[in-house]
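Heads up, the thing below is written out as structure tokens.
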Amino acid sequence: MLSRRLSPLLLAGALLALPAAAQKTKPAKTKAPAPTASPADKAAAMRTYVDALLAKMTLDEKIGQLNLLTIGFDVTGPMVSKNVDENIRKGLVGGVFNTYTPNATRKLQELATKQTRLGIPLILGYDVVHGHRTIFPAPLGLAASWDMAAVERSARVAAEESSADGLNWVYSPMVDIARDPRWGRVMEGAGEDPYLGALVAAATVRGYQGPDLSANNAVMACVKHFALYGAAEAGREYNTTDMSRVRMYNEYLAPYKAAVDAGAGSLMSSFNEIDGIPATANRWLLDDLLRKEWGFKGVVVTDYASINEIPTHGYAATEAEAARQALAAGSDMDMVGETFLHHLGAAVKSGQLSEAQVTEACRRILEAKYKLGLFQDAYRGVTPARAAATMLKPEFRASARDIARKTMVLLKNERQTLPLKKSGTIALVGPLANRQRDLIGPWSAAGDWKQAVSLEQGIKNVAGNGVKVIYAKGANVIDDPQLIERLNRDNGLLDLDPRPSEQLIAEAVKAAQQADVVVAAVGEAAGMSGEAASRSDIGLPGQQLELLKALKKTGKPLVVVLMNGRPLALPWEQANADAILETWLAGTEGGNAIADVLFGAYNPAGHLTMTFPQNVGQIPIYYNHKSTGRPYDSVAPDKYKSRYLDVVNEPLYPFGFGLSYTKFSYGKPQLSKASLRPGEGLDVTVTVQNTGSYDGEEVAQLYLRDVAASVTRPVKELKGYQKIMLRKGESRTLTFHLTPDDLKFYNHDLMLGAEPGEFRVFVGPNSRDVQELSFTLQN
Ligand code: BGC
């Protein structure tokens, strides 16, 4: 085989000796078209190149390109790939994931380019979800910044680091709309809102891919999980989803579409079924919607062994049938399952599939490799020296700290408990106060938890010597030995303190008694959110609430610092703590960033992008719900209304909520018109003033409701926001422009349009505390 292998650099010459059919095409170019070439020229050059290559490929080689294997460090599914090197040599592998570092990736590319007949390079992927080596906050936190430049910057840094580590493909962004915090993967996404989710999706894709995917420091985004994965019933991982098309189009699809429009090179299909058909084999989803309606031209990769699971769903009798279904539906690349490898050849030979179907899937994978510049340099300039100079650069760490501060949400702050003074004594208690591992959270790619700055260290760094810190653990983060054992199998690094919980709490109480203020770092261990980490109880785990109750009894001001990957149910905490700061899973610079906020070096400005419920029974709970025919009205309560007997309808903290150390007041908003003709837009103006005693940032939000339409519309939908910095006393008049598109929705026939009638506009600092106006769209 070795002697017949063609180096990509020799391809152009070698192609001159192609069979007649292939020779009809122009000789392939090995160099990218000139930067000045038009998009059409570039596409034509790619087509020529890939056509020529395809013409040389055997059916088996084409099928090999559709095979994605895992090798190395992380396993996220029930099977692992075997004999990867050998299969690469045989030309039976198109891509590999879970391997990084310059040396390891070079070795793989050498196998592919030097030891296979055609020398086609591999596409090398990895779950780079919120940073690669420099870990940024969990995506749910990033979204809470409402700062798209920050989101894009975090993805850019991840691209710089991962590309320097030999990767060219990242399995991110996860853009699944999620309204059920029991689902552990809410930490990977932007939350419950399609408008904000779409902005985050596009910003992340831009950050990874940059202006030119063939640049050595760009990586191809893989938008996931297409589609509706966040709507798993009961928040239980891998569970069924089912929803109407109207809901799908209006409330769930926008972020995927935005990522596609931003140029995302690939998409990953989801594990769930849609309309009774597993996404991986759903032709309507992958072909009609994605390729035909949206014009997506990139690669669709399956999720981990999801073709093998099609029979388990009950949609195919055999794996062979599942493989045929998946390819015919539009899946191009089979992640780990090797079903394409084992079954497509026979399916083509027996006429159940055409070779053209395999060729199309292969073409898309080769095009992805072409766009990444892999045919010119399979190593993309990766060297150990470049990697050493890139990883965890001071400027990347500085970005991680700066961005982490922006993600933090101040949920409560009575009597100006925060910011803390840089003097006196602080009792720093709680199981997460000195943990590094949990700060970088799940999906922390190649992040090294030892690089993470703990909160204890961050407080020392920021507060300096003027503050005395007394530390006490107070509680284990989890008390259940079985759960600890399970999380430790995935590098949870948790231990169970052998001391009785009363003793741990007593120590913390003693520390509190000697202090001026208590800072309690509580929440979830890293492994309690992320994949396969659904929870049915979303309160603080273990004895942490008992710890807080004991601390409260000391009478000392109680600051609760939350570290968690999902909205939690915190009714006691909200009623009793003096201050609550949501810090998510804050990343490598987490401790410094949290301390910056606690001591006022940064005035918090994060706003929630997912509703926090009062309790699990309220779930699913989200601000953009429908009215129902019997909405509950607390002013005129009535038995036969949509409500619970034992809990209010309102959440603990609504979507968009977040406080600041300063105060903002909103003037009366105004509309530029009360009546619009079709196709017209209008302006909404509102003056926001900083009336408190700190400079600070505010996120002014604009929501819309279509009062009566041909399908019912949500009671409120985010349509715009502005994040502004106001100095103490400063005020600014903001103008939001509502466009004709903002009034549109998908009707029962899935046609997009605006319908005449009354619209209500809501303006305010969150989705609850709004002022209302109204206008009419004329016929
Ligand atoms: C997850 C994906 C991930 C893949 C590869 C799957 O289990 O659902 O999000 O990209 O594994 O690790």
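Might you let me know whether region 625-633 holds any residue that is crowded, with 24+ Cβ neighbours inside 10 Å and touching a residue at least 40 places away in the same chain (Cβ under 8 Å)? The answer is no, given that none of the residues of region 625-633 is crowded, with 24+ Cβ neighbours inside 10 Å and touching a residue at least 40 places away in the same chain (Cβ under 8 Å). Of note, Tyr238 satisfies the criterion of being modelled with pLDDT of 95 or more, within 16 Å of the ligand (Cβ to nearest atom) and not aliphatic (A, V, I, L, M). Every test in (1) of a type in the set (Ser, Thr, Tyr); (2) within 16 Å of the ligand (Cβ to nearest atom); (3) assigned to a helix (DSSP H, G or I) is passed by Ser163 save one, and that test is (2).
Criterion applied to Gly617, Gly692, Gly679 was being of a type outside the set (Phe, Trp, Tyr) and on the phi > 0 side of the Ramachandran plot, and the one residue passing it is Gly679.
Here Ser81 meets the list (1) buried (at least 19 other Cβ atoms within 10 Å of the Cβ); (2) under 26 Å from Arg106 (Cα atoms); (3) at pLDDT 95 or above almost entirely, failing just condition (3).
Please determine, by comparing only the residues of region 195-235 that are under 12 Å from Ala178 (Cα atoms) and assigned to a loop (DSSP other than H, G, I, E, B), which one is nearest to the ligand (Cβ to nearest atom). By that ranking, first place goes to Ala232. Quick one: is Pro137 crowded, with 24+ Cβ neighbours inside 10 Å and within 16 Å of the ligand (Cβ to nearest atom)? Considered against the rule, which asks whether it is crowded, with 24+ Cβ neighbours inside 10 Å and within 16 Å of the ligand (Cβ to nearest atom), Pro137 comes out as no.
Looking only at region 92-142, residues that are of a type in the set (A, V, I, L, M, F, W, C) and within 30 Å of Asp60 (Cα to Cα) come to 13 in all. Among the residues of region 246-275, just one is under 13 Å from Phe226 (Cα atoms) and basic (Lys, Arg), namely Lys257.
Screening Ala356 with (1) buried (at least 23 other Cβ atoms within 10 Å of the Cβ); (2) more than 30 Å from Val559 (Cβ to Cβ); (3) among the aliphatic types (A, V, I, L, M) gives one miss only, at (1).
Applying the criterion of at least 3 residues that are closer than 27 Å to Tyr252 by Cβ to the strands (runs of 3 or more DSSP E) found wholly in region 674-779 leaves 696-706, 717-726, 731-738, 757-764.
For the condition small (Gly, Ala, Ser), touching a strand residue (DSSP E or B) at 6+ places or on another chain (Cβ under 8 Å) and surrounded by 24 or more Cβ atoms within 10 Å (Cβ to Cβ), what is the one hit in Ser154, Ser163?
Among Ser154, Ser163, only Ser154 is small (Gly, Ala, Ser), touching a strand residue (DSSP E or B) at 6+ places or on another chain (Cβ under 8 Å) and surrounded by 24 or more Cβ atoms within 10 Å (Cβ to Cβ).
Leu142 meets the stated requirement of being in a helix (DSSP H, G or I), at pLDDT 95 or above, crowded, with 24+ Cβ neighbours inside 10 Å and more than 15 Å from the ligand (Cβ to nearest atom).
Would you point out the residue of region 166-188, among those that are under 15 Å from Ala264 (Cβ atoms) and within 12 Å of the ligand (Cβ to nearest atom), that is surrounded by the fewest Cβ atoms within 10 Å (Cβ to Cβ)? In this case the residue turns out to be Tyr171. Determine, yes or no, whether Val246 is surrounded by fewer than 21 Cβ atoms within 10 Å (Cβ to Cβ), assigned to a helix (DSSP H, G or I) and away from the ligand (no atom under 16 Å from the Cβ). Taking the combined requirement at face value, the residue satisfies it. Within this structure, Leu92 fails the test of being within 16 Å of the ligand (Cβ to nearest atom) and not in a helix (DSSP H, G or I). When Lys460, Lys412, Lys468 are checked against the criterion of being surrounded by fewer than 16 Cβ atoms within 10 Å (Cβ to Cβ) and either of a type outside the set (A, V, I, L, M, F, W, C) or within 30 Å of the chain's Cα centre (by Cα) (or both), a single residue qualifies: Lys468. Here the condition is being within 15 Å of the ligand (Cβ to nearest atom), touching a strand residue (DSSP E or B) at 6+ places or on another chain (Cβ under 8 Å) and modelled with pLDDT of 95 or more; of Leu69, Leu122, Leu108, it holds for Leu69 alone.
Every residue, every condition in (1) in contact with a helix residue (DSSP H, G or I) (Cβ under 9 Å, 6 or more places away or on another chain); (2) in contact (Cβ under 8 Å) with a residue 60 or more places away in the chain; (3) not polar (S, T, N, Q), yes or no:
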position	(1), (2), (3)
Arg324	yes, no, yes
Ala329	yes, no, yes
Val336	no, yes, yes
His342	yes, no, yes
Ser350	no, no, no
Ala361	yes, yes, yes
Glu367	yes, yes, yes
Lys371	yes, yes, yes
Phe375	yes, yes, yes
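All conditions in (1) surrounded by 24 or more Cβ atoms within 10 Å (Cβ to Cβ); (2) within 14 Å of the ligand (Cβ to nearest atom); (3) of a type in the set (D, E, K, R) hold for Glu192, with the sole exception of (2). Scan region 272-303 for residues that are surrounded by fewer than 23 Cβ atoms within 10 Å (Cβ to Cβ) and either within 16 Å of the ligand (Cβ to nearest atom) or among the β-branched types (Val, Ile, Thr) (or both) and the total you get is 2. Among the residues of region 415-439 satisfying the criterion of being of a type in the set (Lys, Arg) and in a helix (DSSP H, G or I), which is surrounded by the most Cβ atoms within 10 Å (Cβ to Cβ)? It comes out as Arg437.
The values are calculated or read from the model by the stated rules, or taken from the named source; none is laboratory data. Just so you know, these numbers come straight off a predicted model, no measurement behind them. In this analysis, Cβ positions are derived from the backbone assuming ideal geometry, glycine residues included, and neighbour counts consider all displayed protein chains.
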